Structure formats: structure tokens, C-alpha cells
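Student: Below are the C-alpha cells for one structure; questions will follow.
The values are calculated or read from the model by the stated rules, or taken from the named source; none is laboratory data. Note that this is a predicted model, so its numbers are computed, not measured. In this analysis, Cβ positions are derived from the backbone assuming ideal geometry, glycine residues included, and neighbour counts consider all displayed protein chains.
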Amino acid sequence: MAGFFGFFDYTKPGPGVPKDAPPKPRIVVFFGIVGRKFWKLVSINLMFFLFNLPALLLMMLITFFFKADMIIDDPIADLITRLTFGAGFLCIPVITVGPAQAGFTYILRNYAREEHAFPWWDFRDAAKRNFKQSLIISIINILAVALIGMDLNAYFQLNRGDNILMSLASGFIVLAFIILLMMNMYIYPMLVTFKLTVKQLYKNAFIFSMMRFFPNLGILLLCFLIIIATFWYPVIGIILLPLITMSFIGLVTNFYVYPTLKKHIIDKFEEEQAAKETSGLQADAQEEGAAEESINHNESDEKEDENK
């Protein structure tokens with residue numbers, strides 16, 4: 001007898017989930033995933049942090065393209081401010097080591113779909129599968145961010161507030177930078193989910209960025225608020241960054257992005273495939289009907305010939 005007089009029998013099937021049970025709110029599902037996968041999120045965060053140390057240092061250097069002078073007069077506070085912005089651009093992710101980001105995104109996308117993933121093996125395999133494209137994406141992003149930073153720095157220095165054209169140009173570049181950040185929320189999830197060229201990845205990411213501009217903007221603000229909150233006390237921010245910050249924000253963006261990809265790409269593809277199968281079955285049925293008619297017609301002709 002399993003258990004103790006029928007009690008504490010863990011081999012019995014549980015009650016399960018009722019068929020008519022309403023779906024859980026998305027926020028409840030998200031924090032359920034965080035609770036179940038917390039230590040795995042910590043482990044992949046540590047792994048991702050080690051692979052992305054060069055990107056973090058590069059991003060801190062790129063902040064000098066945006067503001068060559070000190071942001072804050074205190075050198076330590078200036079360094080912490082640059083680290084905060086660097087962490088934000090790493091988490092979105094716009095500046096990152098491409099293959100490492102591909103492996104990281106693959107695991108987080110699976111968690112967002114409530115699917116299993118092996119932290120090291122899936123990380124390694126996804127990084128290898130998408131090595132070339134992810135490396136190209138990371139180079140394009142680095143060049144784009146550096147160029148935008150230099151342009152903004154130049155416009156802010158030239159514009160003293162009395163030049164409308166300069167103000168409009170600065171606003172346009174800021175908007176372009178925001179759109180670039182939005183695009184990078186979609187690029188890596190599409191990279192590890194679909195077989196697309198780099199051009200198609202950027203094109204689709206731009207479409208999704210414009211199509212869902214305000215929700216995307218809300219998620220971006222949420223991500224930066226989380227980073228600023230953790231770095232409000234710099235020591236806490238520096239401790240949390242290699243432990244959980246990047247994987248938590250990565251899960252936020254993947255959890256937000258994947259339903260959009262499913263609705264507009266996966267579901268539409270499945271509908272098209274189902275329509276093709278249905279039309280193929282109808283064509284086969286029509287062919288079979290035509291064949292039966294021809295057989296029946298031939299049999300009637302044979303009977304007429306016999307009667308003659």
C-alpha cells in the first residue's frame with residue numbers, strides 16, 4: 001500500500017486543472033514562471049554576464065559618444081551613471097555579444113512559453129546555430145548606437161535652444177534611437193524562432209515596433225525603471241546585475257514579445273497551412289468523384305454494348 005494507510009500517497013494523480021477553468025491573468029503567469037525558474041534564471045544570468053562583460057565595457061565607452069564630458073561632476077557618480085545606462089542597453093538588448101544573446105534568448109523564450117530548457121546545453125546549441133547572424137546583428141547595433149550617440153552629442157552642442165531645425169533634428173534622432181531599442185526586443189526572439197535573413201529580421205522588427213509603438217514604449221520604460229531602481233543604491237545594483245537583473249528583464253521582454261510573434265506569424269502560418277491542406281483535400285475529393293463518375297460511365301457503356 002502506497003503511503004501510510006492511504007494517506008501521503010504521492011503516486012496518486014492530482015485533481016488536475018478543470019477544463020472550464022478561466023485562464024490565469026498574464027501577470028500571475030509571469031510571476032509563476034519567475035517563482036518556478038528563479039534559480040535557473042540566476043544561473044543563466046551569471047553565465048550571460050560572463051559572456052557579455054566585453055559588451056558591458058563597450059557600452060560604457062559608447063556612452064562617451066552621447067556625452068563626452070562628465071554627466072555628473074563626481075567621477076564615481078559619473079561612472080555609476082554610465083554603468084546604469086550601459087546595463088540598460090545590455091538588458092534590452094541593443095549592445096550585446098550576439099551569439100551569447102541568441103543562446104540567452106532561446107532559454108528565456110522557452111520559459112516565456114512555459115516550456116523546458118537546459119540552461120547550458122540549449123544556450124550553447126542556440127549560440128552555435130545562430131552564430132553568424134547574431135554576430136552580424138551585434139555589429140550593426142554597435143555601429144548604429146555609436147552613430148546615433150555622436151549625432152546627438154553634436155546636435156546638443158550646436159543647439160542652444162534658439163534653433164528650431166536643430167531641435168527638430170535632435171528630436172528625430174531621439175525617436176530613431178527609441179525605435180531601435182524597440183526593434184531589438186523583437187530581433188533576437190525572431191532569430192531563435194524563425195528562419196529569416198538579417199534583412200527580414202530588421203524589417204519585421206521595425207513593423208512590430210511601429211505597429212505596437214505605445215505598448216513597446218511602456219515595456220521599455222518599465223525595463224529602465226527596474227534598472228534605475230536597482231542602481232538607486234549602487235552597491236545593490238552592482239550585486240544584482242550579474243545575479244538576476246538581466247535574466248529578469250529578458251524574461252519580461254520575451255514574455256511580452258512572444259504572444260505578438262505567435263499571433264502575427266505563427267498562427268497566420270498555421271492558418272495558411274490548414275487552408276492549403278483543406279484545399280488539397282477538396283481537390284483530391286473532386287478528383288476521386290470525377291474518377292468514380294468516369295468509371296460508372298464506362299460501366300454503363302459496357303452494359304449497353306453487351307445488350308446490343
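Student: Quick test of your reading of the structure: Leu152 fulfils all but one of (1) in a helix (DSSP H, G or I); (2) closer than 30 Å to Phe31 by Cα; (3) in contact (Cβ under 8 Å) with a residue 12 or more places away in the chain. Name the failing condition by number.
Tutor: Only one criterion in (1) in a helix (DSSP H, G or I); (2) closer than 30 Å to Phe31 by Cα; (3) in contact (Cβ under 8 Å) with a residue 12 or more places away in the chain is unmet by Leu152, namely (2).
Student: Say we look at segment 38-96 and pick out the residues that are within 25 Å of Ala144 (Cα to Cα) and of a type in the set (Asp, Glu); which of these is modelled with the lowest pLDDT?
Tutor: Asp69
Student: Right, here's the next one. Can you tell me which residues in segment 77-100 are touching a Phe, Trp or Tyr at 6+ places or on another chain (Cβ under 6 Å) and either under 21 Å from Ser134 (Cα atoms) or surrounded by fewer than 18 Cβ atoms within 10 Å (Cβ to Cβ) (or both)?
Tutor: Gly88, Ile95, Val97, Pro99, Ala100
Student: Sticking with this one: Just need a number here: residues in segment 145-161 that are crowded, with 16+ Cβ neighbours inside 10 Å and farther than 15 Å from Thr63 by Cβ.
Tutor: Total satisfying the criteria: 2.
Student: Does segment 218-234 hold any residues that are out of contact with any helix residue (DSSP H, G or I) (no Cβ under 7 Å at 6 or more places or on another chain) and either hydroxyl-bearing (Ser, Thr, Tyr) or part of a loop (DSSP other than H, G, I, E, B) (or both), and which are they?
Tutor: Those that are out of contact with any helix residue (DSSP H, G or I) (no Cβ under 7 Å at 6 or more places or on another chain) and either hydroxyl-bearing (Ser, Thr, Tyr) or part of a loop (DSSP other than H, G, I, E, B) (or both): Trp232, Tyr233.
Student: Given the structure, is Ile226 in contact with a Phe, Trp or Tyr (Cβ under 8 Å, 6 or more places away or on another chain), farther than 27 Å from Ala127 by Cβ and either free of Cβ contacts under 8 Å to residues at least 60 places away in the same chain or of a type outside the set (Ser, Thr, Tyr) (or both)?
Tutor: Spelling it out, it is not the case that Ile226 is in contact with a Phe, Trp or Tyr (Cβ under 8 Å, 6 or more places away or on another chain), farther than 27 Å from Ala127 by Cβ and either free of Cβ contacts under 8 Å to residues at least 60 places away in the same chain or of a type outside the set (Ser, Thr, Tyr) (or both).
Student: Let me ask something else about it. Would you confirm whether or not segment 228-248 contains a residue that is of a type in the set (A, V, I, L, M, F, W, C), under 15 Å from the mean Cα position of the chain (by Cα) and on the phi < 0 side of the Ramachandran plot?
Tutor: yes
Student: Follow-up question, since we're still on this one. Quick one: which residue in Lys128, Lys132 is in a helix (DSSP H, G or I), within 17 Å of Leu201 (Cα to Cα) and among the charged types (D, E, K, R)?
Tutor: On inspection, the qualifying residue turns out to be Lys132.
Student: While we're here: Tell me whether segment 101-112 contains one or more residues that are surrounded by fewer than 20 Cβ atoms within 10 Å (Cβ to Cβ) and in contact (Cβ under 8 Å) with a residue 24 or more places away in the chain.
Tutor: Scanning segment 101-112 turns up no residue that is surrounded by fewer than 20 Cβ atoms within 10 Å (Cβ to Cβ) and in contact (Cβ under 8 Å) with a residue 24 or more places away in the chain.
Student: I need the full set of residues from segment 180-210 which are without any contact (Cβ under 8 Å) to a residue 40 or more places away in the chain, assigned to a helix (DSSP H, G or I) and surrounded by fewer than 17 Cβ atoms within 10 Å (Cβ to Cβ), in order please.
Tutor: Listed by number, the residues that qualify are Lys199, Gln200, Lys203, Phe206, Ile207, Met210.
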